[in-house]
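Structure, as structure tokens:
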Amino acid sequence: MSIQLRPPTSSASGELPIKLTPPSLTFLRGTWHVTHSTLPMWKSNRNVHITYTPLSSSGNQSDGDSRFAVRLDDMVTYNSLNSDNVKKIHGIDAPVSEWAYHWRGTGWLAIATSDWELLGYGIEKPDTGAVESTDPTVASPAVQDENQWIVTYFSKTVFTPAGIDIYSRSAKGLRNETVNEIIESLKEMEGPEMKMVGDIFEVKRDHCWLETLSQASRHTYAVIISRHLSHPSCIPTPLPMSISLLYLDGVTSKHKRELSSLPQEASDEL
């Protein structure tokens, strides 16, 4: 088994025979797709994303990589099964160890706190299909189209029970073999909190098709969206409004400038 996970701090599993290195801030930052979870509320929701943004001591966004001294802006977004409205859960993560954070909600959620930690992380190799428990930002340069994954454990809050999440950097998710290997590694851990592993389910995602397009085609779609936002009915199918809004962060002036220089094949794919 190539996937190596560490047990939760409260687990009775003891130390791993090998020492794992915590991920870099570069690896952790950005948006992740929650593809599998034990959290009951995700059964009635879909398209769950978690975005981690490093904060400086002043509360502004940070570009540094000193993860152990940096708080994270923690933004969860999702849709219900029957609505395209984007719901948000916002909090701040304060590091308490190399692997763990203390989360506190903001606004009316300020009364809610939770402790969460990373149990493991790594990459899927696109060429060989190999799965590694490693940080590509440290071990080697990123390979185009390789996917990244994270497994987290979180304690209960006043609103939710304790649970386990599996993240994928890509909305397409992880291969079944990778998910099964992660679950088998979790099952090897001892402790009453690990009984929940049998409750892991796949979280519904329905915008994955966009990532199957070439990069050029995604740029072309971004330009089309930006031009027709004032007239949503003009946006071409099969691009539903929920997807166009979800990917608005990809609409930049650079994309607009690149429209004239995109290869002809990009237009042919649309």
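The values are calculated or read from the model by the stated rules, or taken from the named source; none is laboratory data. Just so we're clear, the structure is a prediction, and the values are computed from it rather than from any experiment. Using ideal geometry, Cβ is built from the backbone for each residue, glycine included, and neighbour counts are taken over all protein chains shown.
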**OP:** Scan region 26-48 and give yes if some residue there is at pLDDT 95 or above, in a loop (DSSP other than H, G, I, E, B) and under 26 Å from Lys195 (Cβ atoms), otherwise no.
**Re:** yes
**OP:** For Asn79, work out the one condition from (1) surrounded by fewer than 19 Cβ atoms within 10 Å (Cβ to Cβ); (2) of a type in the set (S, T, N, Q); (3) at pLDDT below 95 it doesn't fulfil.
**Re:** (1)
Original post:
Has region 106-114 got at least one residue that is at pLDDT below 95, closer than 30 Å to Lys19 by Cα and crowded, with 17+ Cβ neighbours inside 10 Å?
Top reply: yes
Subject >> Some residue of region 159-176 being in a helix (DSSP H, G or I), surrounded by fewer than 17 Cβ atoms within 10 Å (Cβ to Cβ), modelled with pLDDT under 90 and not hydroxyl-bearing (Ser, Thr, Tyr) >> reply: no
